[in-house]
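Just below is one structure, and these are the notes that go with it.
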Amino acid sequence: MTAERTRQLGDGTSIPMLGLGVWQVRNGKSAVNAVRWALELGYRHIDTAQLYGNEESVGRALQESGVPREEVYLTTKFQPNSKDPVAELERSLKRLGVDQVDLYLVHWPKGGPLRAWPGMEQAKERGLTRSVGVSNYSAADLDQVIKAASVPPVVNQVQFSAVEYRRGLLEAGEAHGVVTEAYSPLGTGRHLRDRRVADVAARAGRTPAQVLIRWCLQHGLPVIPKSTHRERIEENAGVFDFALPEADMAALDALDETGGTSAARRDKWW
Ligand code: A2P
């Protein structure tokens, strides 16, 4: 029931289990502050995307933090309304002020799960990213890309939490050697108000956010809670010095409202 701080991926690299997500954080002061605080507080994993429009701020905070580049795991995502993953990653690298990211994900399977993949493989071959993966891919999408790929994806980043316990999708990833990474582990804040989460938190002597993040860790899921508040960013990192007993893990597992689905989303936006 211990949770490791990093997890090895299928290509031999390692991903820190806890990262800061910056979805919906505005470019500029909010994003720079959030990332700077996270790095000060010991986070070594930042998750952004071309679509978020805040890569410049992530890069600025990284530079200002003084934390060496090689100590920070950096993820960005290909915005698949664009055509060319290589050209778009080159632009991302300029905005981020780095030579390479650690992980580059297809943000969603626009135009089908295979459309962007050859370009993703090229991005890795050219050394613009250490690892490649996908996001918002269902088990069926994963199957397709695994069958066709010469470089397989090592991560599938999806909406995942106790209330969205996509067991089928998690198992499909495991069967293919693809690590499932959890975004929106707090249900974008909604699950923090769930009385049943509060009950588990009270028993653990922890906050609801810590319990929901810890649930991901104990399922082996790298997790990227988002916050723009320093005290919350700090709170969300306090998840490595306690463990949820099996009964409480089971109580949280039972909150699932997806029926253990192998789909990545209830509603597709593409
Ligand atoms: P804020 O950014 O204003 O701090 P998720 O990671 O599931 O997408 O959830 C993010 C949402 O949860 C954001 O609205 C964030 O608000 C809020 N949040 C993040 N951490 C905490 C926390 N420890 N306590 C309360 N709210 C939090």
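The values are calculated or read from the model by the stated rules, or taken from the named source; none is laboratory data. Predicted model, so just to flag it, every value in this text is computed and none were measured. Note that each Cβ is placed from the backbone with ideal geometry, even for glycine, and that neighbours are counted across all protein chains shown. To get the accessible areas, we keep the full protein, side chains included, count just its heavy atoms, and leave off ligands, DNA and RNA. Shrake-Rupley method; radii C 1.70, N 1.55, O 1.52, S 1.80 Å.
Observations on the structure shown:
- Taking 0.36 nm per residue of sequence separation and removing the Cα-Cα distance, the R5/K268 pair yields an extension gain of 91.5 nm.
- Farthest positive-ward along region 9-150 dipole, Cα basis, beta-carbon charges - from S65, N27, L142: N27
- Rg then Dmax, both in Å and based on the Cα atoms of the chain: 17.5, 50.
- Relative contact order %, the chain, counting alpha carbon pairs below 8 Å whose residues are six or more apart: 21 percent
- Residues in region 203-217 carry Karplus couplings, in order, of 5, 7, x, 10, 8, x, 4, 4, 5, 5, 6, 4, 4, 4, 4 Hz; the curve used is 6.51 cos²θ - 1.76 cosθ + 1.60 with θ = phi - 60°, and Gly or Pro positions show x.
- Note on R91 and D253: with the Förster distance fixed at 30 Å, the Cβ-Cβ geometry gives a FRET efficiency of about 0.15.
- Förster radius 30 Å - calculated FRET efficiency between R203 and W23 (Cβ-Cβ, nearest 0.05): 0.50
- Once both labels are positioned 7 Å from their Cα atoms along Cα-to-Cβ, the gap between F242 and V151 label points is 4.1 nm.
- Computed from Cα atoms alone, the Kirkwood hydrodynamic radius reported for region 144-190 is 11.4 Å.
- Treating each Cα of region 99-255 as an identical point scatterer and summing with the Debye formula, the log10 of I(q)/I(0) at q = 0.12, 0.13 Å⁻¹ comes to -0.57, -0.65.
- Global form of region 219-270, assessed from the alpha-carbon gyration tensor, a/c cut-off 1.5: oblate
- Once you reduce region 255-270 and region 1-60 to the center of their Cα atoms, the two points are 24 Å from each other.
- Over region 1-95: Kirkwood hydrodynamic radius from C-alpha pairwise inverse distances, Å: 14.0 Å
- Rounded accessible area per residue of the chain, 1.4 Å, Å²: 43 Å²
- Under the convention that each Lys and Arg Cβ holds +1 and each Asp and Glu Cβ holds -1, the size of the dipole of region 7-185 around its Cα centre is about 380 debye.
- Residues in region 236-270 that a label on R167 would reach, taking backbone N under 13 Å of a point 7 Å out along Cα→Cβ: 250-262
- Violating pairs (Cα-Cα greater than 19 angstrom) within the set K77/K226; K94/K226; K77/K124; K77/K110; K124/K268; K29/K226: K94/K226; K124/K268
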